[in-house]
Amino acid sequence: MNISKKIYFSVLVCSFSSLAYEIALTRIFSISLWYHFAFMVISIAMLGIGASGTALSLYPGLKKPSRIGIYCLLLGIAIAISYTIANRIPFDPVKLMWSRSHIFYVAGYYLILSVPFFFSGLVIATALSSFSSRSSLLYGADLLGAGMGCLGILGLLTFFSPDRVVFLLASAAFIAAFLNGGKYLKCISSLLVPACIVVFVVSPSFTEIRISPYKGLQQSLSHPGAEHLSTYLSPYSRIDVFRSPAARFAPGLSLRYLGTLPEQLGVSFDGGNVTAITKYDNEASLEFLKYLPSSLPYAMKGHDSPDLAGNERPGGSFTGKKVLILDSGGGLQALVAEYWGYKDVVNTESNALFAEIIRRDFDRFSGGMLKEHIWTGLGRAWLKQDDRLFDIIDIPLTGTSPSGAFGISEDYRFTVEAFREYLSHLTRDGVLSISLFIIPPPRTELRLVNTAVRAMEELGQKDSNKHVAAIRSWGSICILIKNSAFSRADILKLKRFSEERRFDLVYYPGISEEETNIYVKMPDDSYSSAFMNLLDQDTRTKFARSYIFEVSPVYDDSPFFNYYLRLDKFREIYHAMGGKWQFFVEEGYILPVVFIQVLLLSFVLILLPVFSLKYRNGNTLTHPNKGRIEGFSDGVFFLPYFGLLGIGFMFIEISLIQKMILPLEYPPYAAATVLTSILISSGTGSLLSHKIPEMRRPSTLIAIPVIAVIYSLALPALSDSILPYPVIVKVFLVFLLLMPPGMLMGIPFPAGLHILGKRNEYLIPWAWAINGCLSVLAPILTILLAIEAGFKIVILTGALSYAAAFLMLRMFLKKTG
């Protein structure tokens with residue numbers, strides 16, 4: 001059967017639309033709910049694609065090439081409608097506290113949002129089933145379209161909100177339907193394209209992203225007198241600026257301060273994490289700064305006797321002192337450094353959009369604190385390429401809304417490797433300061449200290465208990481880590497600073513229990529006792545193993561710093577958190593629940609085609625709509641090959657995304673770069689394999705696990721080598737770096753379909769379903785495995801999947817000749 005060029009174009013466009021829609025949904029979920037739910041989108045997409053293969057297996061009449069235009073039309077309609085419906089689903093993770101039935105809304109998301117990917121899968125699977133001899137070209141068009149979707153959506157999200165972009169993507173599918181359809185299909189498509197454009201331009205209220213009322217932005221705007229000022233967009237962030245009584249930002253302010261705070265503007269990121277920009281009128285308006293726990297390192301380094309007496313400004317000009325503030329946010333710590341007289345200050349900000357907003361729109365408001373000497377990107381990446389030493393490295397982890405909900409999100413700022421970088425950039429007497437909110441029970445503080453201690457030990461510092469100190473107020477804690485041991489003079493300054501402000505001592509070398517929990521009394525002195533146990537070499541290991549949360553050191557290979565849950569302590573954690581299920585959802589326990597749901601759905605989709613089969617007779621089978629099918633048992637034996645490819649591909653792809661976050665500094669850049677690189681190179685490999693049949697030999701397949709093992713070992717060194725270059729150069733180098741494995745990974749699937757099509761064309765949709773359904777499970781399995789064993793093990797597991805697929809291919813070819 002001849003194949004029309006329009007079919008190649010339809011496969012490319014539908015793949016473009018569906019992949020771009022998938023990325024748009026991750027942004028929508030990040031804004032409306034939380035990161036955990038954004039991560040589910042990959043599984044949702046693959047579930048829909050897998051279901052399309054099951055449908056074609058059950059109803060072979062659906063895979064007529066003449067229906068491809070109809071599927072394109074339905075894809076466009078499903079993109080627009082599925083988003084609109086999903087946006088109205090009343091699911092909210094917070095409501096799980098009083099209504100556990102809300103977990104079933106997750107299944108609703110899967111079913112509704114998988115529909116567009118179902119029709120996209122129908123387009124591709126129909127083409128592959130009908131023209132299996134051209135599978136390499138069709139699969140190449142599929143992958144190239146997906147790669148173009150990665151690039152295209154980044155461009156669109158630079159200028160438009162994701163909810164508006166959805167309707168442009170629907171329009172692209174309608175154009176493919178117009179080119180592939182008859183008179184009536186062309187007429188319908190020509191009406192729907194302008195309709196989508198109108199919705200895109202007008203952006204009616206029903207299409208706006210519904211943000212959870214329990215997220216920081218909505219809570220801040222619910223206060224009387226609150227006012228939303230502006231919204232800023234980028235491909236990786238939405239930033240809202242507002243006025244609100246809730247935007248009062250002075251973390252842990254001493255109760256001894258009786259003055260007023262200067263004007264502050266609230267800032268939220270993706271509708272959630274909230275910080276503030278403080279107005280700089282004059283020095284007198286900033287007097288509150290010396291009453292903050294986060295002023296401690298500046299007071300200790302700048303004065304022999306930091307006090308609150310009279311109207312003395314504790315400053316001066318410490319031109320010889322260098323300060324680095326990592327993720328300076330709204331610039332509060334930059335103001336602290338300025339107030340105490342430090343002039344040589346470097347600020348970093350990981351959110352480039354926020355840094356641009358501060359400098360462009362709020363420079364005068366903030367007193368120009370962040371106009372100069374600010375570097376955008378991951379702070380530790382900047383340190384890697386700079387040889388300066390600092391007297392203070394300040395890491396503020398406080399916003400106006402304290403939150404401990406980070407769960408499964410990766411964080412490369414607080415790994416052992418990161419702390420080694422920080423400590424190596426301190427002067428001999430330099431201090432690393434970390435400020436964060438107190439969110440009982442203690443866990444973040446303990447993991448920070450334990451990870452820093454491990455870094456000190458790896459740098460040759462054995463008496464780490466002499467290098468740590470901490471104080472707390474009613475709401476925040478400040479932890480100091482020195483390169484040199486805390487001297488008697490340091491401890492005297494620490495005590496005086498705390499006593500005058502009525503802050504409680506948590507730890508210093510030689511502290512006694514009588515010195516703790518004095519001013520802001522807690523029911524128990526859990527913070528101080530935990531620090532003492534953790535910093536004592538004799539009790540550290542036992543304490544960490546028996547503690548209710550996971551507080552062991554974190555490394556780059558498994559950078560889930562904020563994942564504290566321990567299965568063996570589930571019941572204890574449940575009672576410690578007041579019997580609230582919301583905590584488990586926020587901390588990532590939604591993953592196992594979702595995995596079980598997806599596992600059951602995938603199992604059903606994979607087995608459904610079996611029920612359409614009437615009877616077997618040796619190696620022959622009868623299907624009610626297909627008649628006699630020869631070579632059935634041989635073909636079924638070969639089907640797991642496609643599942644192994646799906647697992648292997650996703651394991652390696654997601655691991656590479658994680659490994660590239662550090663050199664590329666922004667997770668969205670890493671995801672876009674790796675996806676584009678892998679998809680385009682895989683598409684290229686698939687196209688080349690059609691022209692060069694030798695590339696489809698089994699030996700090509702065995703090369704994939706070999707190169708995966710090599711990459712798993714070499715990636716840390718390769719990442720460091722490209723770190724110093726500008727972002728655009730790094731993106732290009734990563735693309736080149738991933739081309740070899742990407743080209744190889746694009747060959748086995750179409751090669752397998754070509755072999756299967758020669759022996760049993762009926763089984764191609766089933767193979768597509770198995771590949772898609774196991775690809776549904778792979779993203780969730782990747783994270784669960786990475787948390788326990790690290791991404792290096794995930795890559796090696798992906799390599800084993802490809803090795804098993806190679807053995808299955810060899811056995812199948814040997815058996816069938």
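Look through the range 151-164, keep the residues that are touching a helix residue (DSSP H, G or I) at 6+ places or on another chain (Cβ under 6 Å) and surrounded by fewer than 24 Cβ atoms within 10 Å (Cβ to Cβ), and return whichever of them is nearest to T673 (Cα to Cα).
Checking each candidate, the answer is L151.
With respect to the stated conditions, L12 is open to solvent by 20 Å² or more (accessible area, probe 1.4 Å) and at pLDDT 90 or above.
Condition (residue is assigned to a helix (DSSP H, G or I), in contact with a helix residue (DSSP H, G or I) (Cβ under 6 Å, 6 or more places away or on another chain) and closer than 16 Å to I657 by Cβ) applied to the range 766-773: is it met by at least one residue? Checked against the condition, which is being assigned to a helix (DSSP H, G or I), in contact with a helix residue (DSSP H, G or I) (Cβ under 6 Å, 6 or more places away or on another chain) and closer than 16 Å to I657 by Cβ, the range 766-773 yields no hits at all. The set of residues from the range 473-496 being more than 39 Å from the chain's Cα centre (by Cα) and within 21 Å of K290 (Cα to Cα) comprises A489, D490, I491, L492, K493, K495, R496.
Quick one: in the range 59-77, which of the residues that are touching a Leu at 6+ places or on another chain (Cβ under 9 Å) and open to solvent by 40 Å² or more (accessible area, probe 1.4 Å) is farthest from I188 (Cα to Cα)?
Of the residues in the range 59-77, the ones touching a Leu at 6+ places or on another chain (Cβ under 9 Å) are 62-63, 67-77.
Okay, now just the ones that are also open to solvent by 40 Å² or more (accessible area, probe 1.4 Å), so 62, 67, 70, 74, 77.
Details: L62: 21, R67: 15, I70: 11, L74: 11, I77: 11 Å.
Going through the qualifying residues, I end up with L62.
Pull out all pairs, ordered by first then second residue, where Cβ-Cβ is under 7 Å, the residues are six or more apart or on different chains, the first lies in the range 176-193 and is farther than 11 Å from G69 by Cα, and the second is open to solvent by 70 Å² or more (accessible area, probe 1.4 Å) and among the aromatic types (F, W, Y). Close Cβ pairs (under 7 Å, with a partner that is open to solvent by 70 Å² or more (accessible area, probe 1.4 Å) and among the aromatic types (F, W, Y)) amount to S190/F178.
Select, from R420, R428, R472, the only residue that is open to solvent by less than 10 Å² (accessible area, probe 1.4 Å) and of a type in the set (D, E, K, R). Quick ask: steps written out before the conclusion?
Values: R420 fails: open to solvent by less than 10 Å² (accessible area, probe 1.4 Å); R428 fails: open to solvent by less than 10 Å² (accessible area, probe 1.4 Å).
Just a single option satisfies the conditions, and that option is R472.
Which members of the range 225-250 meet the condition of being under 18 Å from S366 (Cα atoms) and buried (at least 19 other Cβ atoms within 10 Å of the Cβ)? Across the range 225-250, the qualifying residues are I239, D240, V241, F242, S244, A247, F249, A250.
Taking the numbered list (1) part of a loop (DSSP other than H, G, I, E, B); (2) closer than 13 Å to L535 by Cα; (3) not small (G, A, S) in turn, N465 passes all entries but (1).
Restricting the range 88-119 to residues that are modelled with pLDDT under 70 and among the polar types (S, T, N, Q) leaves a set whose member that is surrounded by the fewest Cβ atoms within 10 Å (Cβ to Cβ) is S101.
Of everything in the range 333-363 that's open to solvent by less than 30 Å² (accessible area, probe 1.4 Å) and in contact (Cβ under 8 Å) with a residue 60 or more places away in the chain, which residue is nearest to the chain's Cα centre (by Cα)? Going through the qualifying residues, I end up with N351. Among the residues of the range 191-208, those identified as open to solvent by 50 Å² or more (accessible area, probe 1.4 Å), assigned to a helix (DSSP H, G or I) and either under 18 Å from L156 (Cβ atoms) or at pLDDT below 90 (or both) are I197, V198, V201, V202, S205, F206. Select from the range 364-384 the residues that are open to solvent by less than 50 Å² (accessible area, probe 1.4 Å), part of a loop (DSSP other than H, G, I, E, B) and modelled with pLDDT of 85 or more and list them in ascending order. F365, the sole residue that qualifies.
Condition first: more than 20 Å from K493 (Cβ to Cβ), at pLDDT below 90, part of a loop (DSSP other than H, G, I, E, B) and touching a strand residue (DSSP E or B) at 6+ places or on another chain (Cβ under 7 Å). Can you find one or more residues in the range 298-315 that meet it? There is no residue in the range 298-315 that is more than 20 Å from K493 (Cβ to Cβ), at pLDDT below 90, part of a loop (DSSP other than H, G, I, E, B) and touching a strand residue (DSSP E or B) at 6+ places or on another chain (Cβ under 7 Å). Please work out which residue is surrounded by the most Cβ atoms within 10 Å (Cβ to Cβ), limiting yourself to the range 438-453 and to residues that are in contact with a Phe, Trp or Tyr (Cβ under 8 Å, 6 or more places away or on another chain) and either without any contact (Cβ under 8 Å) to a residue 60 or more places away in the chain or over 13 Å from Y527 (Cα atoms) (or both). If we take residues in the range 438-453 being in contact with a Phe, Trp or Tyr (Cβ under 8 Å, 6 or more places away or on another chain) and either without any contact (Cβ under 8 Å) to a residue 60 or more places away in the chain or over 13 Å from Y527 (Cα atoms) (or both), then A452 is surrounded by the most Cβ atoms within 10 Å (Cβ to Cβ).
The values are calculated or read from the model by the stated rules, or taken from the named source; none is laboratory data. These figures come from a predicted structure and were not determined experimentally. FYI the Cβ positions are ideal-geometry reconstructions off the backbone, even for glycines, and counts take in every protein chain you see. Heads up: the accessible areas ignore ligands, DNA and RNA and are worked out on the full protein's heavy atoms, side chains in. Shrake-Rupley method; radii C 1.70, N 1.55, O 1.52, S 1.80 Å.
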